[in-house]
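Structure record follows, encoded as structure tokens.
Values in this text are rule-based calculations from the coordinates and carry no lab data. No experiment lies behind these values; they were computed from the predicted model shown. Cβ placement follows ideal geometry from the backbone for every residue including glycine, while neighbour counts extend to all protein chains displayed.
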Amino acid sequence: MKKALIAVLLLLVGVVALASPPPQFGSRPKGDTTRLLTGKVLDRADNPVKDAMVYLTNTRTRAVKTYIAGQDGSYRFPSLQPNLDYEVYAQYNGHKSDTKTVSQFDDRLQVNINLKIDTK
């Protein structure tokens with residue numbers, strides 16, 4: 001009797017685990033208050049600049065993170081702290097974009113900033 005009851009309980013646990021939907025790609029776990037910075041590096045004609053180097057600076061600690069833009073010029077910096085300011089800019093072949101700021105007073109959880117580089 002005990003073995004049958006244990007087998008039924010294990011079966012129920014397995015069914016419940018399989019029935020719960022998987023987390024969606026890009027969804028945020030509950031309680032996650034970090035921010036996501038995304039964008040594209042573009043030339044003056046709005047063409048993507050692949051392989052541009054994107055720099056993100058924490059303005060409090062001056063720590064710098066980098067990202068190499070993808071084929072479509074896209075970049076992303078996840079897990080940014082909401083109570084800090086960040087500066088972001090891109091460089092490609094000795095040319096630099098304007099520096100943009102992600103402000104702690106901007107309460108969006110996902111910020112999108114496109115960076116333009118004059119590649120000529």
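The relative contact order of region 73-120 comes to 36 percent, based on Cα pairs under 8 Å that sit 6 or more residues apart. When only Cα pairs below 8 angstrom with a gap of at least 6 residues are kept, region 35-106 shows a relative contact order of 32 percent. Could you tell me whether region 51-94 comes out rounded, prolate or oblate from its Cα gyration tensor? Rule is a ≥ b ≥ c as square roots of the eigenvalues, rounded for a/c under 1.5, then prolate if a/b exceeds b/c, otherwise oblate. Since a/c reaches 1.5 but b/c is at least a/b, the shape of region 51-94 is classed as oblate.
Only Lys, Arg, Asp and Glu carry charge here, each on its Cβ (+1 for the first two, -1 for the last two); on that basis region 35-106 has a dipole of about 200 debye about its Cα centre.
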